[in-house]
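Report on the following structure.
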Amino acid sequence: MSNQKPEDEKKEPIEEKTDKKEAVNNSEIEDLRKKEEPFEVSEEEEIEYLTSEDEDKDQACETGEPSKTIPGKLTDEGLINKLQQELKAKESEISQLQKQIEDLKDKFLRQLAELDNIRKRAEKEKEEYFQYALTDLLREILPIIDNFERALKTSDETDGRTFKDGVELIYRMLINLLKKYGVRPIELKDDKFDPAYHHALVSEESEEVQEPKIKEELQKGYLIHHRLLRPSMVKVIVPKKN
């Protein structure tokens with residue numbers, strides 16, 4: 001009996017170790033089983049994932065480019081490169097526009113200078129025109145002055161009739177010259193007074209007239225073409241006032 005008791009006492013620790021070992025093995029087996037089990041996702045997460053994947057495929061088909069759903073670092077680098085390219089393009093465009101602006105400004109200044117030169121030439125030509133507009137007329141008047149000088153020199157050597165004929169000749173020359181340039185005397189028609197062409201220097205009342213009439217022309221009036229050059233100076237008879 002004394003020999004069996006120690007054997008029983010030695011068996012108890014062996015059983016405790018066996019239980020602990022089995023517990024450890026069961027825990028490891030459970031962990032392995034969990035790892036082998038499939039990953040479970042909800043139905044909404046699965047639909048969202050599939051939809052995102054389809055959109056990426058559609059974008060790749062339409063543009064011929066791979067999906068943009070790339071890692072964050074690569075996305076940032078691509079965006080920076082794209083922005084740098086766009087910046088260079090804009091800088092080139094700005095440079096071209098600035099060159100165009102300078103060209104247009106230069107053309108504008110040249111045109112402005114040319115217009116100023118044209119204006120100055122026009123003013124000079126206008127001034128010269130008014131200075132020498134009567135050149136032809138005065139050139140044709142000179143022979144008439146020559147005839148007056150000849151008549152004055154021979155007035156003492158000729159009789160009155162000859163002198164008068166010479167003056168009449170000079171007068172006709174001058175009237176013909178004026179007609180050549182559109183100047184003609186105002187004609188009196190039926191002695192009617194027209195304030196547009198006649199200027200009354202003297203007026204007399206009379207019971208014989210019902211409206212103003214010209215009694216005498218004191219100085220001839222002239223027209224240049226159809227415009228009044230000088231009115232006729234006349235003596236007028238007006239109706240007598242009661």
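Points worth noting:
- Volume per residue of the C-alpha convex hull in segment 100-230, rounded to whole Å³: 215 Å³
- 10 °C / 1.306 mPa s Stokes-Einstein diffusion coefficient of segment 80-133, Kirkwood radius on C-alpha pairs, µm²/s: 107 µm²/s
- Amide H to amide H, with H built 1.01 Å from N, V209 comes under 5 Å of K240, counting only residues 5 or more places away or on other chains.
- Fewest neighbouring Cβ atoms within 10 Å first, the residues I144, I224, I237 line up as I224, I144, I237.
- Volume of the convex hull of segment 186-242 (Cα atoms only), normalised per residue: 72 Å³.
- Pairwise Cα inverse-distance average, inverted: Kirkwood Rh of segment 134-181 (Å): 11.4 Å
- Taking amide H as placed 1.01 Å from N in the peptide plane, the amide H of E216 sits under 5 Å from that of K235, each at least 5 places away or on another chain.
None of the figures in this text is laboratory data; all of them are computed from the coordinates on show. Values in this document were obtained by computation on a predicted structure and should not be read as measured data. Positions of Cβ are backbone-derived with ideal geometry, glycine not excepted, and every protein chain shown enters the neighbour counts.
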